Amino acid sequence: MNTYLFYDLETTGLNKVFDQVLQFAAIRTDATFNEIERHEIIVKLRPDVIPSPKATITHRIAIAQSMQGVCEFEAITQIHRLLNKPGTISLGYNTLSYDDEFLRFCFHRNLLTPYTHQYKEGCRRSDLLPITIMYYLYKREILAHWPEIDGKPTQKLEYLSEANKLATGPAHNAMVDVEATVELARQFYKEPKMWDYLDGYFNKATEIKLIEKISLDFQSIACTNRLALMINNEYGYANKYQVPVLLIGNSIPYKNQTLWLRLDNPKLRELCVSDFPSETSTFEEAFYKKSKVIRKKYGEPGIVLPLSDRHDYLTPERKALVEENKSWLQSHTSVFHKLIQYYREFSYSKIPDLDIEAALYQNDFLSSQEQNLCRQFHTADLQEKQNIVNRFEDIEMRQLANRCLCRNYPDNLPVYMTQDFEDYMRRVNPDNEEEALFNHKFEKRTTPAKALREIDKLRTEEKLDTQQVELLKELENYIHKHFPLGIVSQDKS
């Protein structure tokens, strides 16, 4: 039997690789949203993590409160088990854009399978935000109130919850947000046919069939082209959350990735053969602005609909632009075919010197032997965990396992393990911030010095209440006590 697991995270910051979960909340329901069970986990702050001051004053989780929580290794293991229970559909509000990937990196650094909750034993994922957008566009009467900010609609959960009394309690508390999300789903399920239809877009096999039903009314010798609308929150209210697109095929290196060319792009007709990067691993912003190709995985946002008057909110101007771009593509086949070839063959370059925790996407899948060692690591006692570390043949897996022990069970570890972790901690707290660790998107890890500057800025520029003032003071004291080199770095800057 399938169940829904509604969940939400509160985290130390927005960096999906280097930040950590502080609070996890989840409610499991049956297929018609009757509650079965609920879970709440407070996670202990790791010794290598510097919380973002902005995140701290938003979720209001004090360091002292976090220190009463479960260590990350045990907390993430519990979360992994919940998401991987057979038949689980895990979802939340905007989870596929943030929470799900955040957890993927949590699973990776704690020696757990990062992807099994997406496909194994009947598990899959969904997301209530794209579904909300669809109800707003096509079944607005389902909610009594659609909130606005400065005269424009907002799809933020906190405003939807407040306007429709979905849950009681402060926003940015994980359990309150989960309760609001479950209640929002119950409201939408008053139109069960629409709910079931939209839920199909988060099932890979179902979405493939839905896309294949879209008519082939644009001809190209390079590939099968389908005209469609793509619905996603990121396109904004000004575009009515939708853009007209043309399917130009599937990525060759990334098999589950479809490629869609935006047809409302006024710069498309400026494109010429000389604009193309010389290598298909090179990304150039100027080239992208002219081409604007969207990468979409099956079973993930955005939602793809046939391009028809029944669905679209396109203005006459955008419709005219679509027709002009279609005609241009059909009369400039050499550029169009080169565009298709470039994007289909594109693969991301391997990033040198990437920290092991950020290298999830560029590393090969684990061998069966390594997977077996990971499972043994999780079931072993502490002494046996230490022995297993040295049995990993891959040095990066050995380092990940070593960090797990030093972060979560630091007492009485051998010197060779703690020395390696001390070297890592020096990289967490560099003398020169230019040397800060960076993730796969080149976003730098929060350093102590950066956090201290942000605290000063918030005190100067934000209107803080008493609790927020105390939270920043606690964070500042924590940084001074545990990351003294950060003070030196700040003074030098």
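So if I take the centroid of the Cα atoms in region 400-435 and the same for region 246-287, what is the distance between those two points in Å?
Taking the Cα centre of region 246-287 as reference, the centre of region 400-435 is 42 Å away.
Once amide H atoms are built 1.01 Å from N in the peptide plane, which residues 5 or more positions from residue 355, or in another chain, come under 5 Å H to H?
Distant-sequence amide H within range of residue 355: 438.
Over the Cα atoms, compute the radius of gyration (one decimal) and Dmax (the largest Cα-Cα distance, rounded to a whole number) for region 13-102, in Å.
Radius of gyration, then largest Cα-Cα span, for region 13-102: 14.0, 42 Å.
Taking the highest mean first, how do the peptides 33-41, 51-59 order by number of other beta carbon atoms within 10 angstrom per residue?
Descending mean neighbour count gives 51-59, 33-41.
Taking 29 Å as the cut-off for C-alpha to C-alpha distance, list the pairs among 240/296; 156/296; 139/267; 297/319; 152/450; 165/457 that go past it.
In this structure, 139/267; 152/450; 165/457 exceed 29 Å between Cα atoms.
In terms of modelled amide H atoms, which long-range or inter-chain residues lie less than 5 Å from the amide H of residue 298?
Placed amide hydrogens put 258 under 5 Å from residue 298.
Which chymotrypsin sites (Phe, Trp or Tyr not before Pro) from region 399-462 combine a DSSP loop assignment with at most 14 other Cβ atoms within 10 Å?
Passing both the DSSP loop test and the Cβ count: 442.
Applying a 10 Å radius around every beta-carbon, put 6-16, 131-141, 286-296 in order of their mean neighbour count, most first.
Highest-to-lowest ranking by the protection proxy: 6-16, 131-141, 286-296.
With a ≥ b ≥ c the root eigenvalues of the C-alpha gyration tensor of region 317-418, is it rounded (a/c under 1.5), prolate (a/b larger than b/c) or oblate?
Here region 317-418 falls in the prolate category.
Where a Cα-Cα gap under 15 Å defines reach, which aspartates and glutamates qualify for residue 463, not counting those fewer than 8 residues away within the same chain?
454
Return the long-range amide H neighbours of residue 248 (sequence gap of 5 or more, or a different chain), with a cut-off of under 5 Å between placed amide H atoms.
259, 260, 261
Cross-link candidates for residue 120: which lysines have Cα within less than 16 Å, leaving aside residues fewer than 8 places away along the same chain?
List returned: 85, 204.
Given an 8 Å cut-off on Cα distances and at least 6 residues of separation, report the relative contact order of the chain as a percent.
Relative contact order comes out at 15 percent.
Under the classification rounded if a/c is under 1.5, otherwise prolate if a/b is larger than b/c and oblate if not, where does region 134-198 fall, given a ≥ b ≥ c as square roots of the Cα gyration tensor eigenvalues?
oblate
By per-residue mean of other Cβ atoms within 10 Å, what is the highest-first order of 91-103, 302-314?
So the order, starting with the most tightly packed, is 91-103, 302-314.
Of all DSSP beta bridges located in the chain, what percent are antiparallel, nearest 5?
85
Only the coordinates and a few stated rules stand behind these numbers; no lab work does. If you're wondering where the values come from, they're calculated on a predicted model, not measured in any experiment. No Cβ is skipped: glycine too gets one built from the backbone with ideal geometry, and neighbour counts run over all protein chains shown.
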